[in-house]
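Here, each number is a calculation from the coordinates, and none is a lab measurement. Being a predicted model, the structure only gives us computed values, none of them experimental. Heads up, the Cβs are rebuilt from the backbone with ideal geometry, glycines too, and the neighbour counts pull from every protein chain shown.
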Amino acid sequence: MCFEIKYRDEKSGARVGMLKTKSGEKETPFFMPVATKATLKHLTSDDLESMNAGAIITNTFILSLRPGAKIIKNSGGTAKFMNYKGIVFSDSGGFQMYSPKLYVKSEEDGVIFRNPYSGEKLFMTPEENMKIQLELNSDVAMCLDTMPLYGDSIEAIKEAVRKTTLWAQRCKKYHDSLQKKTKKEKRQLLFGITQGGIHDELRKESAMQISKINFDGYALGGLALGEPKEDEYRMIEVAKKIIPENKPVYLMGAGEPLELLEAISRGIDIFDSRFPTKNARHGKISTWNGFLNVTNLSYRNEKKPLDENCDCFVCRKYSRQYIAHLLRHEEATGYRLASYHNIYFLQKLMARAREEIKKGTFSSFLAKMRKIYSNAS
């Protein structure tokens with residue numbers, strides 16, 4: 001077993017667990033910053049260590065193009081390549097189906113992508129994807145899936161569910177075959193991904209099909225793409241009734257503070273999102289008092305920190321007016337300072353959530369944060 005539940009909240013589905021990987025253990029729930037190219041935008045591995053960000057997610061498709069899986073393999077794997085001391089998840093690249101610049105089409109045997117550097121077309125099969133992820137030496141690999149877009153027809157989503165199951169079976173079979181001689185404690189974990197859009201029956205069908213394959217963990221894909229939050233939360237509840245209780249569950253792409261807490265209350269253990277750093281570059285700052293749009297002209301004379309309740313180095317040393325000035329002029333230093341704070345805040349939010357679950361006070365904490373963030377934009 002790679003996952004053990006340590007604490008449960010009596011008033012919700014929230015729980016604290018321990019995910020065990022070949023690189024170490026990580027207490028859940030946790031949030032993973034997105035390091036698509038083996039780095040966060042404007043932040044370093046030292047920054048991640050300083051804020052106790054013990055898990056990240058990289059992108060298999062992008063890294064397979066540059067610098068190439070072989071280079072990363074020869075360096076000792078993704079963590080050593082980027083001098084990172086935490087747990088590394090590798091996304092299959094299925095999210096790139098969300099990008100018209102990278103996605104060409106999905107076929108029965110795999111996906112046709114477009115190389116963003118050369119423009120050439122590339123065919124990615126589930127088997128090739130598993131091979132690359134093992135070369136990247138991540139701690140947790142994700143199955144190659146078909147991700148429908150929000151607003152796609154129900155026929156397209158049905159087809160995505162069918163292919164996702166087919167590819168998940170192929171991923172599991174090939175991944176297992178490649179790790180036959182690997183010692184258990186050195187084994188790369190593999191998570192299956194469920195789809196189904198915001199359609200209850202399709203989400204149930206996908207969760208049942210993927211659960212039967214017996215992965216190390218399960219992810220909910222195709223959510224946090226702009227659908228109403230009540231639909232997103234309903235899909236979590238639908239899938240959680242089916243996914244085995246003793247397995248970790250990962251909501252892909254979710255990164256708003258209240259969204260994370262609502263998902264935790266429904267039994268989600270793992271998160272990732274590019275939005276905290278993207279929001280930071282546009283001046284949208286997460287704080288314990290809600291969102292702060294620091295580039296508003298009203299903050300140009302404010303000498304207060306971004307968040308008076310935050311102890312990150314940004315809030316200890318720099319003012320709102322200074323960071324607002326940097327962001328308005330598109331200075332890289334401004335992007336770095338705002339990004340550091342936003343990622344630091346989510347690490348602290350996850351630590352607080354774990355603490356509240358252990359104390360049996362998570363529900364009251366969630367109620368408090370709902371009041372603060374419900375009207376945030």
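Would you please put 221-228, 307-314, 112-119 in order of how densely packed they are, using the mean number of other Cβ atoms within 10 angstrom per residue and starting with the highest?
Details: 221-228: 20.2, 307-314: 16.1, 112-119: 13.2.
The packing order, highest mean first, is 221-228, 307-314, 112-119.
Tell me which of Tyr7, Ala254, Leu48 sits at the most positive position along the dipole axis of the chain, charges placed on C-beta atoms (Lys, Arg +1; Asp, Glu -1).
Positive-end residue among those listed: Leu48.
How much mean residue ellipticity at 222 nm does the chain get from its helices, if each DSSP H run of length 4 or more adds -39500 (n - 2.57) and you divide by all residues, to the nearest 500 deg cm²/dmol? Could you put the intermediate results ahead of the total?
Values: 14 runs with 152 residues, N = 377.
Taken over the chain, the calculation gives -12000 deg cm²/dmol.
Tell me which aspartates and glutamates have Cα within less than 12 Å of Lys37's Cα, excluding those fewer than 8 residues away on the same chain?
Asp91
Which of rounded, prolate, oblate describes segment 2-139, given a ≥ b ≥ c as roots of the alpha-carbon gyration tensor eigenvalues and a/c under 1.5 marking rounded, otherwise prolate only if a/b is larger than b/c? Each step should come with its number before you reach the end.
Details: a/c = 2.05, a/b = 1.54, b/c = 1.33.
The shape class here is prolate.
Give me the tail of P(r) for segment 282-368 as a percent: Cα-Cα pairs with distance above 19 Å.
Details: 1478 of 3741 pairs.
Everything past 19 Å amounts to 40 percent.
Kindly identify segment 131-256 as rounded, prolate or oblate by the Cα gyration tensor criterion: order the square roots of the eigenvalues as a ≥ b ≥ c, call it rounded if a/c is under 1.5, otherwise compare a/b with b/c, prolate if a/b is larger, else oblate.
Working: a/c = 1.96, a/b = 1.78, b/c = 1.10.
Prolate, since a/c reaches 1.5 and a/b exceeds b/c.
For Lys371, give me every one of the aspartates and glutamates with a C-alpha distance below 18 angstrom, ignoring sequence neighbours fewer than eight places off in its own chain.
Lys371 reaches Glu230, Glu256, Glu259, Glu262, Asp307, Glu356.
Which ³J(HN,Hα) values, rounded to whole Hz and listed in residue order, are derived for segment 211-217 from phi using the Karplus coefficients 6.51, -1.76 and 1.60 in 6.51 cos²θ - 1.76 cosθ + 1.60 with θ = phi - 60°, glycine and proline given as x?
4, 5, 7, 6, 7, 6, x
Quick one: of Lys80/Lys121; Lys73/Lys172; Lys22/Lys73, which pairs are farther than 27 Å apart, Cα to Cα? Working shown, then result.
On the way: Lys80/Lys121 30 Å; Lys73/Lys172 21 Å; Lys22/Lys73 16 Å.
Table pairs above 27 Å Cα-Cα are Lys80/Lys121.
Checking the table Lys6/Lys247; Lys26/Lys180; Lys186/Lys241 against a 23 Å threshold on Cα-Cα, which pairs fail? Display every interim value, and only then the final one.
Details: Lys6/Lys247 13 Å; Lys26/Lys180 25 Å; Lys186/Lys241 31 Å.
Going by Cα-Cα distance, Lys26/Lys180; Lys186/Lys241 fall outside the 23 Å limit.
I'd like the antiparallel share, as a percent to the nearest 5, of DSSP beta bridges with both residues in segment 28-170. Let's see the in-between values first.
Details: 9 of 17 bridges.
Just about 55 percent of them are antiparallel.
Can you list the residues, at least 5 places off or on another chain, whose amide H is less than 5 Å from the amide H of Thr287, using H built in the peptide plane?
Leu292
Restricting to segment 3-273, compute how many DSSP beta bridges are antiparallel as a %, nearest 5.
Details: 19 of 43 bridges.
Beta bridges within segment 3-273, antiparallel portion: roughly 45 percent.
Across bins of 20 angstrom width beginning at 0, how are the C-alpha pair distances of the chain distributed, in whole percent?
29, 60, 11, 0
Shape call for segment 1-45 from the C-alpha gyration tensor, a ≥ b ≥ c root eigenvalues: rounded (a/c under 1.5), prolate (a/b greater than b/c) or oblate? Intermediate values should be presented prior to the final figure.
Details: a/c = 4.06, a/b = 1.86, b/c = 2.18.
Since a/c reaches 1.5 but b/c is at least a/b, the shape of segment 1-45 is classed as oblate.
List the cysteines in the chain whose Cβ has no other cysteine Cβ under 4.7 Å from it.
Those would be Cys2, Cys312, since no other cysteine Cβ in the chain comes under 4.7 Å of theirs.
How large is ³J(HN,Hα), in whole Hz, for each residue of segment 235-244 in order, when computed from phi with the Karplus curve 6.51 cos²θ - 1.76 cosθ + 1.60 and θ = phi - 60°, using x for Gly and Pro?
So the J values, rounded to whole Hz, are 5, 4, 5, 4, 5, 5, 5, 10, 5, x.
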